[in-house]
Structures are given as C-alpha cells and as structure tokens.
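Following: one structure in structure tokens, then a few remarks.
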Amino acid sequence: MKDVEYCFKGENRFYWEVMSLRVFISADIEGVAGVVHREHTAREGREHDRARMLMTGEVNACIEGALMAGATEVVVNDSHGTMRNLIPEAMHPEAEYITGSPKMLAMMEGIAAGFDAAIFLGYHARMGNDGILNHTFHGGVIQNIKINHRDMGEIGLNACIAGVFGVPVVLVTGCQHAANEALEFMPMIETAVVKQTINRQTAKHASPQKAKNLIKQKTVEALSRLREMSPVVVQGPFRVEVTYLHSGLADAAGILPIVERVNPTTHRFETDDFVAAYRYIRSLITIAGALS
Ligand SMILES: [Zn+2]
C-alpha cells in the first residue's frame, strides 16, 4: 500500500511525516471478553460461534484503532485452534486476514520484516501461571517450555518470533495475568485488560462494547508510542526444554531426532536459530498431540 501523510501527537507537539505504518495482529480467543470455557474455545463447543463473534468484534476494534493511528496496512492472523475463527462477513473491510492451518509459523504466520508493529489480541497466560484458560499452545500436551532457563508462554515465544523479524510488540490484550506476563517480558508495551480472571474458568468481564472501546483506544495509544518500543532481542544459542503433562507424550514426541530426554517428562534440544526452535517446539507438540 502506498505511503500516506501521518500525524501523531508527541509531547505537546504534532509531528508530520510521510511514512507507511504496517501492523500485524495475532488474534487468539481465550483472552477475549466473555470467553471462559471450552464450550467457547473448542470447535464443537455449543457457545463457540458466539465466542468467534466476540473475537471478530475485538479484532475489528483493534483494526479501527490501527487505522485511526495511521496504519497503511493491517494483516490479522487467526491464531486459535483450527485457525478458522474469524467470521469473514463480519471482518473490517480494510484489513487482510490469514485463516486456516497448517501454517509454518502458526500463531505468527504472516509476520515479516517490514511490519512496524505487532499486536497480540485475545491472548492468555502460560501454563503454570494464573489466568483465564491458561495453557501453552496445547493444554493437553505442554506443562512448560523453558528457553535458556526462562519459562516461556505463547506471549514470550511469539514476541521472540516478532523480534527475529525486527518487529516490536506494542499491545497485548487479555486478562490481568496475560497483561502482567507480557509486561514482565516487555515493560514498555501497552496492555488492554478486558477481563479480570477470578480463576482458570471464571472471569469478570467488561461488556463487549467497553472491551472494544478499550482495545481501540489502547491500539491508538500503543501505535502513537511506537518510537519508544523496541523488538525483543533474540540472541542464540538457545537451550530449549519442553516438559509434557506425562511421560507418554514424551515417548511419542521422542521420535524427533533433535531431542534428548532429560527426565521422564522433559525433552531438551539446542539450536542457534529461534525460528527453528519454534518450529521444533510446534513439531513436538503436533507429534505428542496426536496421542493426547
Ligand atoms: Zn487459543
């Protein structure tokens, strides 16, 4: 898309520039206001279509905010489960969106050098943390993922993928625990807390309209502070430890030659390439998930 004249408010001043602003949105569903249960998140769930509508509404609010902030291109990647959740006929007309699977980069499919900002919408805390519907990629497979001894959930891992491509994460939306997990990793970003986790399957929500208003407002704020944000620095070598819920999952995934088994439920491998690490993790989960 062509460059446009772009205005943003700095400290008591307006700056005018000619620039393009390309925004990538990775959209999950567990952190969307109104969503608390597998009936919302699973394809066969009785309330799944309602949750898809809520998710699409929040995505559209984010797109609106991005456009208000001067975005010249917005790409949304559907990042949950089947990756066919966004409702095409309800999508904001100005964004392109990626649906379907398999995808090489899963939740981060479509990210590339040249995007100026990434937004994680409807995200959730990692398995082992508090937070509504917390899990890491596959709730039936993964107990924990550590990279260079640091616990990593979807927020951290996906932020590192964005970092590989030089793209800063500017906003994470979800419950308060997802927001805190994101801020621990990236203290400068904006967060939009659209619900308060009470326990793993219970939350106190903003109404859909309030949640959408907040997301739109925070998207504008995050993009107007873009110059303060920097990509996560991703420097290898990476020592990756994947711990499964039980030993049978490690038995199944152990077919992947790169891994070494360090205890009954944990595999370890090393690589200098973060994208390769991410793809190995996804591969281990896919193999083990066939058993779960
Ligand atoms: Zn999800």
Give the aspartates and glutamates reachable from LYS103 as a straight Cα distance under 13 Å; neighbours fewer than 8 places away on the same chain don't count. ASP78
Shape call for the stretch 206-292, from the Cα gyration tensor axes a ≥ b ≥ c (a/c under 1.5 means rounded, otherwise prolate when a/b beats b/c, else oblate), comes out oblate
Please report the carbon-and-sulfur percent of the accessible area for the chain; probe 1.4 Å, protein heavy atoms only, DNA, RNA and ligands left out. 50
How far is helix 208-224 tilted off the main Cα axis of the chain, in degrees rounded to 10, range 0 to 90? 80
Considering the Cα positions of the chain, please state its Rg to one decimal place and its Dmax as a whole number of Å. 18.6, 60
Taking the Cβ of GLU181 as the centre, find all other residues whose Cβ is under 10 Å away and add up their charges (Lys, Arg: +1; Asp, Glu: -1). -3
Alpha carbon centre of the stretch 179-231 versus the stretch 255-276: separation in Å? 33
Proximal aspartates and glutamates relative to LYS218, as straight alpha-carbon distance under 13 Å, when same-chain residues fewer than 8 apart are discounted: GLU58, GLU64, GLU190
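Hey, what number do you get for the chain at 222 nm if only DSSP H runs of n ≥ 4 count, each worth -39500 (n - 2.57), divided across all residues, to the nearest 500?
The helix contribution divided over the chain gives -9000 deg cm²/dmol.
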Could you work out how far the C-alpha centroid of the stretch 83-128 sits from that of the stretch 28-43, in angstrom? 16
Helix 176-185 vs. the chain, principal-axis angle (Cα, 0 to 90°, nearest 10): 90
Enter the accessible area per residue of the chain (Å², integer; probe 1.4 Å; all protein chains in place). 44
Taking the Cα atoms only, what angle lies between the long axis of helix 48-68 and the longest principal axis of the chain, rounded to 10 degrees? 40
Placing unit charges on C-beta atoms (Lys and Arg positive, Asp and Glu negative, everything else neutral), compute the dipole magnitude of the stretch 194-241 about its Cα centre in debye, rounded to 20. 280
At a threshold of 8 angstrom on Cα-Cα distance, excluding pairs fewer than six apart, so keeping six or more, what relative contact order does the chain reach in percent? 19
Counting sequence-distant residues (5 or more places) and residues on other chains, those with an amide H built under 5 Å from that of ILE98 are VAL76, ASN77, ASP78
Mind checking which aspartates and glutamates have their Cα closer than 18 Å to the Cα of LYS146? Skip sequence neighbours fewer than 8 apart in that chain. ASP130, GLU154, GLU181, GLU184, GLU241, GLU260, GLU270, ASP272, ASP273
Mind checking the stretch 111-206 for chymotrypsin sites (Phe, Trp or Tyr not before Pro) that DSSP puts in a loop (not H, G, I, E or B) and that have at most 10 other Cβ atoms within 10 Å? none
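The values are calculated or read from the model by the stated rules, or taken from the named source; none is laboratory data. A quick note: this is a predicted structure, and the numbers were derived from the prediction, not measured. Glycine gets a Cβ as well: all are built from the backbone with ideal geometry, and neighbour counts include every protein chain shown. Just so you know, the surface numbers come from the protein's heavy atoms only, side chains and all, with ligands and any DNA or RNA stripped out. Shrake-Rupley method; radii C 1.70, N 1.55, O 1.52, S 1.80 Å.
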